[in-house]
Amino acid sequence: MAKLIVCLTGMPGAGKSTVADGLKPKGYKVINMGDAVREEARRRALEPSRPNLGKLMLELREKNGPGAIAELIKGQIENSSSNVILIDGIRSNDEIGVLRKFGDVKLLAIHASTDTRFDFLQKRGRLDDPQTKEHFEERDDRELGVGISTSIALSDHAITNIGLTKDELISSAFKIIQGWIE
């Protein structure tokens with residue numbers, strides 16, 4: 001059986017990492033695209049701040065092509081013994097194209113309202129999370145600029161994360177992925 005690569009896409013704060021973290025106990029390998037950028041920042045001795053990570057993400061794409069972030073995680077996919085791999089944070093169809101070389105790719109979009117996403121990000125507490133509406137809008141604009149809207153629009157399935165509990169969100173994603181496996 002070819003690996004099933006489930007790409008979680010959606011705007012920042014929609015619930016992708018919540019889904020990924022909630023599905024880890026099901027035995028799925030989880031790879032976070034943002035962590036790949038943060039790891040690259042560590043290699044370069046850059047502080048993982050919001051401005052630095054944003055610039056690095058754009059620089060990697062400019063220098064190595066629009067699928068550059070997916071290139072950073074190839075080894076993790078190849079070395080995984082799991083038949084189901086969740087990729088948290090797909091932002092472009094070019095990244096999806098890179099991943100198609102390693103298995104059957106399905107795209108699951110997570111949607112949430114702007115206010116819900118901003119609230120989630122404020123509570124999450126990563127160093128690079130926006131703390132003002134202005135920074136939040138800058139990040140959204142950057143994500144849209146690298147093509148995330150196309151990935152969301154072309155998803156194989158979508159979950160609207162408005163009014164769902166954390167468990168309901170995770171359960172919805174699990175049912176969708178199980179349907180793809182069967």
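Filtering segment 104-120 down to residues that are modelled with pLDDT of 95 or more and either within 24 Å of Arg61 (Cα to Cα) or acidic (Asp, Glu) (or both), which residue is surrounded by the fewest Cβ atoms within 10 Å (Cβ to Cβ)?
Ranking the candidates gives Asp104 first.
Answer yes or no as to whether Ile77 is crowded, with 22+ Cβ neighbours inside 10 Å, in contact with a strand residue (DSSP E or B) (Cβ under 7 Å, 6 or more places away or on another chain) and not aromatic (Phe, Trp, Tyr).
So Ile77 does not fit the description; no.
For segment 152-174, does any single residue satisfy the condition of being in contact with a Pro (Cβ under 8 Å, 6 or more places away or on another chain), of a type in the set (A, V, I, L, M, F, W, C), in contact (Cβ under 8 Å) with a residue 24 or more places away in the chain and outside any loop (DSSP other than H, G, I, E, B)?
no
Which of the residues that make up segment 121-145 are over 12 Å from Gly13 (Cα atoms), of a type in the set (Lys, Arg) and either buried (at least 18 other Cβ atoms within 10 Å of the Cβ) or at pLDDT below 90 (or both)?
Selection gives Arg142 alone.
What pairs can you find where one residue is in segment 39-62 and more than 15 Å from Arg91 (Cα to Cα), the other is part of a loop (DSSP other than H, G, I, E, B), and their Cβ atoms are less than 7 Å apart, with a gap of 6+ or different chains?
Within 7 Å, the pairs are Ala41/Pro48; Pro48/Leu127; Pro48/Asp128; Ser49/Leu127; Ser49/Asp128; Arg50/Asp128; Arg50/Pro130; Asn52/Leu46.
How many of the residues making up segment 23-37 are within 12 Å of the chain's Cα centre (by Cα) and buried (at least 18 other Cβ atoms within 10 Å of the Cβ)?
7
Mind checking whether some residue in segment 82-94 is at pLDDT below 95, closer than 30 Å to Lys175 by Cα and in contact with a Cys (Cβ under 6 Å, 6 or more places away or on another chain)?
The answer is yes; a qualifying residue exists.
Take Arg61 and tell me if it is in contact with a helix residue (DSSP H, G or I) (Cβ under 8 Å, 6 or more places away or on another chain) and either surrounded by 19 or more Cβ atoms within 10 Å (Cβ to Cβ) or of a type in the set (S, T, N, Q) (or both).
yes
Can you find a residue that is hydroxyl-bearing (Ser, Thr, Tyr) and touching a strand residue (DSSP E or B) at 6+ places or on another chain (Cβ under 7 Å) anywhere in segment 36-51? Steps first, answer last, please.
Pass one, segment 36-51, residues hydroxyl-bearing (Ser, Thr, Tyr): 49.
From what's left, touching a strand residue (DSSP E or B) at 6+ places or on another chain (Cβ under 7 Å): none.
Looking through segment 36-51, none of the residues is hydroxyl-bearing (Ser, Thr, Tyr) and touching a strand residue (DSSP E or B) at 6+ places or on another chain (Cβ under 7 Å).
The values are calculated or read from the model by the stated rules, or taken from the named source; none is laboratory data. Here the structure is a predicted model, which is why all the values come from computation and not from measurement. Don't worry about glycine lacking a Cβ; one is built from the backbone with ideal geometry, like all the others, and counts go over all protein chains shown.
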